[in-house]
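J.: Got a structure for you, written out below as structure tokens; questions coming shortly.
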Amino acid sequence: MHFRRSAPLFAVLVALLAENLPAQKKKPASDDEGYIPVVAPETKQKKKKDEGTQTLPPPKELPGAVTADTERLAFGASPLIGKGLLSQQTRDALKALLKTNHGTIVKLRAFVAGSGDLRRVGELVAETFSEKHLPLPVLSVVQVGALPMEGAQVVLESIEVDKRVVNPHGVAFLAGQNAPSVAQSLARLTTALSAGGMHSEDALRVTCFVSSLDEQRDAHQLMMAAFPGAVLNYLQMQREPVMPAAECEAVARLRTSIAQPVSFLNPPDLDKSPNYSQLALVRSPKLVITGTQLAFGSQEADIKLAFERLQRVLSSSDARFDQVVMSHAYVTSSAIIPRVRTVRASYYSSTTPPASTLLSFQGLPSLDAAFGVDVIAATDSPTARR
């Protein structure tokens, strides 16, 4: 009796289980089951994108020397910029010079303050000029103690070849005039100009190097008053005081023609030195302008190597040491100046040494460099090349 009464209940349970069986069956395999995806070949668009992220080739190497026309020589200087790091300020300075120049920039001299990598300046110069498809200029880079604007890290001086004749009679290079103050140094430049038959308005560029910006706070006003038509630049040589207190140099336009292609003068009112001339008057049609050659060490042998490299650079542009009209020497310690003068005398003309500026600065592009030199030589060689 018990089994019969449970039979209907059992039947109900079996029926319920049977109704649920289709839901428990395994779903049929889809078309994707067991499919191994194949990586699609790289499209042209993707390839182009990857090519755009490849490392660019290094910038071109700057030349050791360039040749420029004397009668078209012009000068410029970048404005001081107080914001940004060295790289950005260098880019801005180059942009400003390229915007205002009237021809081709053939030489840049960078004065860098602060602790930025001086080698970066050369890289940026090469990149900027290459991007604009312009001829590369020669370059000199010097680390200085300070610039006359808070936050300013670089100022660039430029030598340009103007599109027109601006110096029909030639140019004059005036050696640095050391003095106890900027005012006295500028007065000596005026004396030198007068001895060469020029006036203050003939000055094209005037650069003053000072031992202390605080002690020479009126330097810019004095420079503007003395040479209102010139490109002006001044800076502190080292972070700590050095000698001399001030030394200003200049380039000027000759007022009248001279008899010889090159003439050196030593006015009686200025110091006479066997190491350099006070003025170099130049009407030679071509000038060879070099970048800086460094001495990696402070011994005479190290300094000689720098001059030997400079000699090869001059020779490659059909110029010689006896044609040098202006010389710039940069040392990181005044202790090696006597050695520099000794070595220099064996390369430059003993009877007519060039105009020269030789001063101590904070540093040079290499930490191992103790001395650097660049020159301007006059040549009338028809084969002198850019």
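Readers should treat all values here as calculations from the given coordinates under stated rules, not as data from a laboratory. All values derive from a computational prediction rather than experimental measurement. Heads up, the Cβs are rebuilt from the backbone with ideal geometry, glycines too, and the neighbour counts pull from every protein chain shown.
J.: Using the Karplus curve 6.51 cos²θ - 1.76 cosθ + 1.60 with θ = phi - 60°, work out ³J(HN,Hα) for each residue of the stretch 162-176 in order, rounded to whole Hz, and write x for Gly and Pro.
T.: 5, 6, 10, 6, 10, 10, x, 9, x, 9, 10, 10, 10, 5, x
J.: Out of the stretch 235-278, which trypsin sites (Lys or Arg not before Pro) are coil in DSSP terms and have no more than 10 other C-beta atoms within 10 Å?
T.: Numbers: sites: ARG239, ARG253, ARG255, LYS272; in loops: ARG239, ARG255, LYS272.
Qualifying residues, ordered by number: LYS272.
J.: Going from the alpha-carbon gyration tensor of the stretch 284-386, what semi-axes, largest first and in whole Å, does one get by taking the root of 5 times each eigenvalue?
T.: Numbers: eigenvalues 114, 38, 26 Å².
For the stretch 284-386, the ellipsoid semi-axes come out as 24, 14, 11 Å.
J.: Under a crude label model (7 Å from the Cα following the beta-carbon direction), how far is GLU215 from THR191 in nanometres?
T.: 2.0
J.: Check the straight Cα-Cα distances from LYS83 and name the aspartates and glutamates below 20 Å, setting aside those fewer than 8 residues away within the same chain.
T.: ASP92, ASP117, GLU150, GLU157
J.: Using a basic spin-label model with each label point 7 Å from the Cα along Cα→Cβ, how many nm lie between ALA96 and SER333?
T.: 3.5
J.: While we're on this one: Kindly put TYR330, TYR276, TYR347 in sequence by how many other C-beta atoms sit within 10 Å of each C-beta, fewest to most.
T.: Details: TYR330 27, TYR276 23, TYR347 18.
Neighbour counts put them in this order, fewest first: TYR347, TYR276, TYR330.
J.: Would you kindly calculate the translational diffusion coefficient of the stretch 122-204, applying Stokes-Einstein with the Kirkwood radius from alpha carbon pairs, for 37 °C and a viscosity of 0.692 mPa s, and quote it in µm² s⁻¹ without decimals? Walk me through the numbers on the way to the answer.
T.: Numbers: Rh = 16.5 Å.
Diffusion coefficient, whole number: 199 µm²/s.
J.: For a 20 Å ceiling on Cα separation, which of these pairs sit above it: LYS163/LYS286; LYS107/LYS163; LYS107/LYS272; LYS60/LYS99; LYS107/LYS132? It would help to have the intermediate numbers written out before the result.
T.: Details: LYS163/LYS286 15 Å; LYS107/LYS163 16 Å; LYS107/LYS272 30 Å; LYS60/LYS99 22 Å; LYS107/LYS132 16 Å.
From LYS163/LYS286; LYS107/LYS163; LYS107/LYS272; LYS60/LYS99; LYS107/LYS132, over 20 Å: LYS107/LYS272; LYS60/LYS99.
J.: Ok, one more. How long is the gain from ILE258 to LYS132 if the chain were fully straight, where each residue apart is worth 0.36 nm and the alpha carbon distance is subtracted? Walk me through the numbers on the way to the answer.
T.: On the way: separation 126, 0.36 × 126 = 45.36 nm, distance 3.88 nm.
Value of the extension gain: 41.5 nm.
J.: Oh, and also: Translational diffusion coefficient of the stretch 59-165 at 4 °C, 1.567 mPa s, Stokes-Einstein with Kirkwood Rh over Cα pairs, in µm²/s as a whole number. Display every interim value, and only then the final one.
T.: On the way: Rh = 14.0 Å.
Approximately 93 µm²/s, per Stokes-Einstein.
J.: Could I ask something else about it? Which listed residue (PRO267, ILE289, SER317) has the Cα farthest towards the positive end of the charge dipole for the stretch 241-357, taking +1 on Lys and Arg C-beta and -1 on Asp and Glu C-beta about the Cα centre?
T.: The residue sitting farthest along the positive end of the dipole is SER317.
J.: If you place +1 on the Cβ of every Lys and Arg and -1 on the Cβ of every Asp and Glu, how big does the dipole about the Cα centre of the stretch 167-283 come out, in debye to the nearest 20?
T.: On the way: 8 positive and 10 negative charges, 81 e Å.
Result for the stretch 167-283 is approximately 380 debye, rounded to the nearest 20.
J.: How long are the three semi-axes of the equivalent ellipsoid of the stretch 167-283, in whole Å, if each is the root of 5 times an eigenvalue of the C-alpha gyration tensor, listed from largest down?
T.: On the way: eigenvalues 125, 49, 23 Å².
Ellipsoid semi-axes (Å, largest first): 25, 16, 11.
J.: Return the long-range amide H neighbours of VAL231 (sequence gap of 5 or more, or a different chain), with a cut-off of under 5 Å between placed amide H atoms.
T.: Residues meeting the amide H criterion: ARG205, VAL206.
J.: A follow-up question, please. Report the full-extension gain for the segment SER87 to ARG309: residue separation times 0.36 nm, less the Cα-Cα distance, to one decimal in nm.
T.: On the way: separation 222, 0.36 × 222 = 79.92 nm, distance 2.88 nm.
Extra length available between SER87 and ARG309 comes to 77.0 nm.
J.: Name the residue from PRO148, LEU62, LEU136 whose Cα lies farthest towards the positive end of the charge dipole of the stretch 59-165, charges +1 on Cβ of Lys and Arg and -1 on Cβ of Asp and Glu.
T.: Selected residue: LEU136.
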